[in-house]
Amino acid sequence: MQKTHCPICRKEVFYLVHHLHNMTDKFAVEQVKYDFSGWTEDDGLCLPCLERYRKYNLMSFSDIRITVN
Ligand SMILES: [Zn+2]
């Protein structure tokens, strides 16, 4: 099987995720674009990176409430 490299974490992975259509992924995509200028959905990213950005979005929402002290 041909391996490829994730443009985000630079790790060698078996496949990249390109289908980022649902709302959660839309937020994740915006965040990746913010962190990596020049990156587009067409470049794809590995599943662990996508999961990390999905969680990142959830965390950033909860941070808003936690940091009000
Ligand atoms: Zn990655």
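Summary table
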item: Long-range HN-HN contacts of V13 with modeled amide H, under 5 Å; result: T4, H5, C6
item: Relative packing of 5-15, 45-55, which averages over residues the other C-beta atoms within 10 Å, highest first; result: 45-55, 5-15
item: Partner aspartates and glutamates for K11 [C-alpha distance under 20 Å; skip if fewer than 8 residues away on the same chain]; result: D35, E41, D42, D43, E51
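Each value in this text was obtained by applying a stated rule to the coordinates, not by laboratory testing. Remember, it's a predicted structure, so these values are computed and weren't measured experimentally. Counting neighbours? That spans all protein chains shown, and the Cβs are built from the backbone with ideal geometry, glycine included.
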